[in-house]
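Novice: Dropping the structure in here first, questions after.
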Amino acid sequence: MPLFCDVALAVPLDMVFTYAIAPGMEPVVGGRVLVPFRQQRMSGIVVELHDRPPQIKTKKVIETLDLSPVLDEQLLKLGKWIADYYLAPLGEVFRTMLPLAAEFKRAVIYRITDEGRMALHLAGMSGSPARSKRTPEQQLVEFRVLDYLAERESVREESLRGTTRAAKALLTGMARKKWIAREDVSAAQDAARLVKVAVLRSAETSTKKLNENQRTLVETLAAAGGRVLVEALRSLDVPRTTLSTLVRRGLIELVEEPQDLTTPKLKPRQSPFEFEFSAAQKNARTKIGEAVASHKFAGLLLHGITGSGKTAVYLACMREVLEQGRSSILLVPEIGLTPAVAADLHQVFGDEVAILHSGLSNAERAEQWHRIRRGEARVVAGTRSAVFAPVSDLALIIVDEEQDSSYKQEETPRYNARDVAVMRAKMAGAVVVLGSATPSLESYYNAKKNKYTLVELPDRVEQRPLPEVEIVDMRQEFQETGQEQVISRKLADEIRERLEKKEQVMVLLNRRGYSPVVLCRACGKTLQCQNCAVSMTHHKRERKMECHYCGHVARIPDKCAHCGSEYVYFVGTGSEKLEELLHGMFPQARIGRLDRDTVRGREDFEHALNALNEGALDMLVGTQMIAKGHDIHGVTLVGVVGADMALGLPDFRAAERTFQLLTQVAGRAGRGQTAGKVILQTYFQDHYAVQFAARHDFAGFYEKELQFRAWMHYPPYSAIANVLIRSEKLDEALTWSGELGRWFEKTKHEGIRVLGPAAAPITRLKRDYRYHFILKSPSREKMNALLRAMLAEAAARKIPRTQVIVDVDAVWLM
């Protein structure tokens, strides 16, 4: 048996840690172990077993958590590739790959020491703990902590802080003075999701001797067959003590049972197998099927216009894979698309489906993960993390809306799930299908260069026409009406006409809140977030100002914070204000709103889409959440309000993002039997992104945009990386970025362009001042080597690793 194991821990250090293996322990490569790290316990993944003694004294593994690997050889290899390609610590990559946080309970306990008892004794004599330089209020809290611990053997941190109101920093200071001892007792735990069920002991229970509340409970249980969830009983108008009384008297028993998996409440659409596939759909199915049958890696780009039946092709191919006893993964970019996709999958595949996304609780994610690993679910759907699902015999990975920026994680590890899907398919000898109506320039370029097989779906299903797009120039609208308009006269007329015909309307404004800017008319200054260099957004219904970057909330100002003037003006329009305006213009219309303010959980999203599907809503207002993937046959008009705002951002992808959003939202119209129409309001009507979107001309946009990318050496002609230096102290951020800037100047890096250092477009975010470099190179290998050397230089200069962000293949440069 090996004497040592190397363990990858989820810490921001580019290294693994060696631990001694105690006799009788049998850790496995790819399995989890519990180990001591500094002053705490952590779980990590074993990456190697060996007999090489390290140069320093090693700590011992505390506990082996798995008898068999949770990451098989293929997933371990994929994790190492991600760590290498995206320059991310291996342990943080593995943490992202494993949704098993619910199986590890972090716990810290505190005990009072002899020095603490002496300090408490002296405090009893003098009125405050000895040797304390803290304020009287802090001394009082210290006294409460010592007094509370003195009466108990040990206390959990959350209980101690809740009872004494002690801040974490205060407890750390007391531990440093050795008044209290801190011990990490984190351990593995059972993550099974259990629910309490009330069971009626006897169906013949007499209700004569029961009071009215007790009778209500017993009769409810009897009517439901003698078993009801305790949570459901709480909706009854009876005191909570009533149930306890009946349990004590032996009339009702409480039992714990595994909680059922939640299935989507969205009504599934028409089965894709109930209508005739078009020739193009059949061709796509054949090409994907042949690639799967070869048992070799293949990449395909499925370019199908909106409404061309891509989802039907996906489901048909996944069904064929399942019939062969193999597995498939379907990735969607946002949680908002998951309910609709899950409803379709459950309709076709039943219990063979597992869903993975961030909207699930830790316990739900762990449960789904174990179902997949046991082979109970061979069809997996979810957002970007679903690419790591532990399926066996993987045959097919489908990435829907492959161009979407949501596939890129904006925290360590900064991986792109689309590219990881391609690499996983390559390692597994599987097929990867990238699907979109508006593919990213990189993917379409690769298809044109024959790196992927290009498969086209050029027509809508059942030969339905694409919607007519009419552009409204808002500059001309202002000249003719003499005032700033949110809804143009043309859009208002079209909405009125659709409502009279009992048809449905979608209106897109890709900015949430009521007003995005609060301006003082006296001094001209805006209300900025105290943590970020951005304006705070007014949310009228919730009566607050909120920063959409860090979440900071402030009260609505009645006067200017800078000059004290009362002339505070709310500027601009968000989706909340747009909804209010439309209610005023069309008071009889039933209007719903779909954005992050109205969607707090998956039930909210399902409720809104069901209401639209069933005709309970006449109009849906929303942000980009309504723009893609939804198949609502009753929608015949789509209005686009201010979707060209992104064209003003300092981002080389601004035109591409605008074209994609306009094309996608236009595709929501006319998906039923009635032809659709799109009214596109813009201040940039001559911009090529707007013009090509209005003509549904992807090829034309691709050729035009590609010229600019070639001239400026941006992707797909060069790889790109964004190096961000951040610190809460401005002078630190400036010093560190200056030091690395001089290092880049002195270092030879042939074939790599380094731009910067420069202030990031958003100079301050979440309290950090931000400066960045942009690197461009046709050689990924050269750029990766230079970035590794830069990280080594930063470490040598004692710049903390967490303050240097390396974003390879960055999609957001703000």
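The values are calculated or read from the model by the stated rules, or taken from the named source; none is laboratory data. Just so you know, these numbers come straight off a predicted model, no measurement behind them. FYI the Cβ positions are ideal-geometry reconstructions off the backbone, even for glycines, and counts take in every protein chain you see. When the accessible area is computed, the model is the full protein with side chains, heavy atoms only, and any ligands, DNA or RNA have been set aside. Shrake-Rupley method; radii C 1.70, N 1.55, O 1.52, S 1.80 Å.
Novice: Going residue by residue through region 36-47, is there one that turns out to be outside any loop (DSSP other than H, G, I, E, B), basic (K, R) and either in contact with a helix residue (DSSP H, G or I) (Cβ under 9 Å, 6 or more places away or on another chain) or without any contact (Cβ under 8 Å) to a residue 60 or more places away in the chain (or both)? Explain how you work it out, then say what you get.
Specialist: Filtering region 36-47 for residues outside any loop (DSSP other than H, G, I, E, B) gives 36-37, 40-47.
Next, only the ones that are basic (K, R) stay: 41.
Adding the requirement that they be either in contact with a helix residue (DSSP H, G or I) (Cβ under 9 Å, 6 or more places away or on another chain) or without any contact (Cβ under 8 Å) to a residue 60 or more places away in the chain (or both) leaves none.
No, region 36-47 has no match at all.
Novice: Could you run through region 764-801 and say how many residues are in contact with a Cys (Cβ under 9 Å, 6 or more places away or on another chain) and open to solvent by 40 Å² or more (accessible area, probe 1.4 Å)?
Specialist: Qualifying residue count, region 764-801: 3.
Novice: Only one of these is at pLDDT below 95, under 22 Å from the mean Cα position of the chain (by Cα) and more than 29 Å from H633 (Cβ to Cβ): Q479, Q409. Name it. So that I can check it myself, show each step before the final result.
Specialist: Numbers: Q479 fails: under 22 Å from the mean Cα position of the chain (by Cα).
Sole residue among the options that is at pLDDT below 95, under 22 Å from the mean Cα position of the chain (by Cα) and more than 29 Å from H633 (Cβ to Cβ): Q409.
Novice: Follow-up question, since we're still on this one. Which condition from (1) more than 25 Å from G375 (Cα to Cα); (2) assigned to a strand (DSSP E or B); (3) aliphatic (A, V, I, L, M) is the one that A83 breaks?
Specialist: (2)
Novice: Assuming A733 fulfils every condition listed in (1) over 21 Å from C529 (Cβ atoms); (2) assigned to a helix (DSSP H, G or I); (3) modelled with pLDDT of 95 or more apart from one, which condition is it?
Specialist: (1)
For (1) of a type in the set (A, V, I, L, M); (2) at pLDDT 90 or above, each residue gets a yes or a no:
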{"residue": "V640", "(1), (2)": "yes, yes"}
{"residue": "A646", "(1), (2)": "yes, no"}
{"residue": "P650", "(1), (2)": "no, no"}
{"residue": "V665", "(1), (2)": "yes, no"}
{"residue": "R668", "(1), (2)": "no, no"}
{"residue": "G676", "(1), (2)": "no, no"}
{"residue": "L680", "(1), (2)": "yes, yes"}
{"residue": "Y688", "(1), (2)": "no, yes"}
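Novice: What is the one condition in (1) assigned to a loop (DSSP other than H, G, I, E, B); (2) open to solvent by 30 Å² or more (accessible area, probe 1.4 Å); (3) closer than 22 Å to N531 by Cα that M814 does not satisfy?
Specialist: If we test M814 against (1) assigned to a loop (DSSP other than H, G, I, E, B); (2) open to solvent by 30 Å² or more (accessible area, probe 1.4 Å); (3) closer than 22 Å to N531 by Cα, just (2) comes out false.
Novice: Which members of region 320-363 meet the condition of being among the polar types (S, T, N, Q) and at pLDDT 90 or above?
Specialist: Q324, S327, S328
Novice: What do you reckon, is S358 among the polar types (S, T, N, Q) and surrounded by fewer than 20 Cβ atoms within 10 Å (Cβ to Cβ)?
Specialist: For S358, the condition - among the polar types (S, T, N, Q) and surrounded by fewer than 20 Cβ atoms within 10 Å (Cβ to Cβ) - is met.
Novice: Scanning region 322-337 for residues that are outside any loop (DSSP other than H, G, I, E, B) and crowded, with 24+ Cβ neighbours inside 10 Å, which turns out nearest to the chain's Cα centre (by Cα)?
Specialist: Among those that are outside any loop (DSSP other than H, G, I, E, B) and crowded, with 24+ Cβ neighbours inside 10 Å, it is G336.
Novice: OK, next. Taking region 479-520 as the region of interest, how many residues are part of a helix (DSSP H, G or I), open to solvent by 50 Å² or more (accessible area, probe 1.4 Å), closer than 26 Å to A669 by Cβ and out of contact with any helix residue (DSSP H, G or I) (no Cβ under 9 Å at 6 or more places or on another chain)?
Specialist: Final tally of qualifying residues: 3.
Novice: Pull out all pairs, ordered by first then second residue, where Cβ-Cβ is under 8 Å, the residues are six or more apart or on different chains, the first lies in region 144-157 and is free of Cβ contacts under 8 Å to residues at least 24 places away in the same chain, and the second is assigned to a loop (DSSP other than H, G, I, E, B).
Specialist: Hits for this filter: R144/R165; R144/A166.
Novice: Scan region 741-755 and tell me whether some residue there is assigned to a helix (DSSP H, G or I), in contact (Cβ under 8 Å) with a residue 24 or more places away in the chain, open to solvent by 70 Å² or more (accessible area, probe 1.4 Å) and within 26 Å of P716 (Cβ to Cβ). Quick ask: steps written out before the conclusion?
Specialist: At the first step, the residues of region 741-755 found to be assigned to a helix (DSSP H, G or I) are 741-746.
Retained after the next criterion (residues that are in contact (Cβ under 8 Å) with a residue 24 or more places away in the chain): 741, 743-744.
Now narrow it down to the ones that are open to solvent by 70 Å² or more (accessible area, probe 1.4 Å): none.
There is no residue in region 741-755 that is assigned to a helix (DSSP H, G or I), in contact (Cβ under 8 Å) with a residue 24 or more places away in the chain, open to solvent by 70 Å² or more (accessible area, probe 1.4 Å) and within 26 Å of P716 (Cβ to Cβ).
Novice: Being among the hydrophobic types (A, V, I, L, M, F, W, C) and not in a loop (DSSP other than H, G, I, E, B) is the filter here, so list the residues in region 24-35 that pass it.
Specialist: Selection gives V33, L34, V35.
Novice: Limited to region 20-48, what total is found for residues that are under 22 Å from L75 (Cβ atoms), of a type outside the set (S, T, N, Q) and open to solvent by less than 50 Å² (accessible area, probe 1.4 Å)? Quick ask: steps written out before the conclusion?
Specialist: At the first step, the residues of region 20-48 found to be under 22 Å from L75 (Cβ atoms) are 26-35, 42-48.
Next cut, of a type outside the set (S, T, N, Q) only: 26-35, 42, 44-48.
Imposing the further condition that a residue be open to solvent by less than 50 Å² (accessible area, probe 1.4 Å) reduces the set to 27-28, 30-35, 42, 44-47.
Qualifying residue count for the region: 13.
Novice: While we're looking at this one, here's another question. Of the residues S443, S436, only one is of a type in the set (G, A, S) and farther than 30 Å from L617 by Cα; which?
Specialist: Criteria check complete, one pass: S443.
Novice: I would also like to ask the following. Looking at (1) open to solvent by 10 Å² or more (accessible area, probe 1.4 Å); (2) in contact with a Gly (Cβ under 7 Å, 6 or more places away or on another chain), which is the one condition that is false for V568?
Specialist: The number of the failed condition is (2).
Novice: Please find, among R161, R134, R193, R165, the residue that is closer than 21 Å to R106 by Cα, modelled with pLDDT under 85 and of a type in the set (K, R).
Specialist: Numbers: R161 fails: modelled with pLDDT under 85; R134 fails: closer than 21 Å to R106 by Cα; R165 fails: modelled with pLDDT under 85.
Of the residues listed, the single one that is closer than 21 Å to R106 by Cα, modelled with pLDDT under 85 and of a type in the set (K, R) is R193.
Novice: Just the residues that are among the hydroxyl-bearing types (S, T, Y) and assigned to a helix (DSSP H, G or I), please, taken from region 153-182. Even if it seems obvious, please write down each step before you answer.
Specialist: Just the residues of region 153-182 that are among the hydroxyl-bearing types (S, T, Y), to begin with: 154, 159, 163-164, 172.
Across region 153-182, the qualifying residues are S159, T163, T164, T172.
Novice: Can you tell me which of (1) open to solvent by 40 Å² or more (accessible area, probe 1.4 Å); (2) over 24 Å from G642 (Cβ atoms); (3) out of contact with any helix residue (DSSP H, G or I) (no Cβ under 9 Å at 6 or more places or on another chain); (4) of a type outside the set (K, R) is the one N531 doesn't meet?
Specialist: N531 satisfies all of (1) open to solvent by 40 Å² or more (accessible area, probe 1.4 Å); (2) over 24 Å from G642 (Cβ atoms); (3) out of contact with any helix residue (DSSP H, G or I) (no Cβ under 9 Å at 6 or more places or on another chain); (4) of a type outside the set (K, R) except (1).
Novice: Additional query: Inside region 681-695, can you point out the residues that are closer than 23 Å to H633 by Cα and open to solvent by 10 Å² or more (accessible area, probe 1.4 Å)?
Specialist: Within region 681-695, A694, R695 meet the criteria.
Novice: Here's a follow-up. Return only the number of the condition from (1) modelled with pLDDT under 85; (2) small (G, A, S); (3) open to solvent by 30 Å² or more (accessible area, probe 1.4 Å) that A102 does not satisfy.
Specialist: Here A102 meets the rest and fails (3).
Novice: Would you check which residues across region 53-80 are open to solvent by 60 Å² or more (accessible area, probe 1.4 Å), assigned to a helix (DSSP H, G or I) and out of contact with any strand residue (DSSP E or B) (no Cβ under 9 Å at 6 or more places or on another chain) and list them?
Specialist: E73, K77
Novice: Can you work out which of the residues in region 238-274 that are at pLDDT below 65 and hydrophobic (A, V, I, L, M, F, W, C) is farthest from S308 (Cα to Cα)?
Specialist: Filtering region 238-274 for residues that are at pLDDT below 65 and hydrophobic (A, V, I, L, M, F, W, C), the one farthest from S308 (Cα to Cα) comes out as L261.
Novice: For the subset of region 367-388 comprising residues that are under 16 Å from the mean Cα position of the chain (by Cα) and among the aliphatic types (A, V, I, L, M), which member is nearest to D809 (Cα to Cα)?
Specialist: Per the stated criteria, the residue is V387.
Novice: Given the conditions (1) buried (at least 20 other Cβ atoms within 10 Å of the Cβ); (2) assigned to a loop (DSSP other than H, G, I, E, B), which single one is not true for P12?
Specialist: (1) is the only condition that P12 fails.
Novice: Right, something else. Looking only at region 534-556, which residues are hydroxyl-bearing (S, T, Y) and surrounded by 21 or more Cβ atoms within 10 Å (Cβ to Cβ)? Spell out how you get there, then give the answer.
Specialist: Start the filter on region 534-556 by keeping residues that are hydroxyl-bearing (S, T, Y), which leaves 535, 537, 549.
Across region 534-556, the qualifying residue is only T537.
Yes/no per residue for (1) touching a Ser or Thr at 6+ places or on another chain (Cβ under 6 Å); (2) in contact (Cβ under 8 Å) with a residue 40 or more places away in the chain; (3) outside any strand (DSSP E or B):
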{"residue": "A533", "(1), (2), (3)": "yes, yes, yes"}
{"residue": "H538", "(1), (2), (3)": "yes, no, no"}
{"residue": "I556", "(1), (2), (3)": "no, no, yes"}
{"residue": "E579", "(1), (2), (3)": "no, yes, yes"}
{"residue": "H583", "(1), (2), (3)": "no, no, yes"}
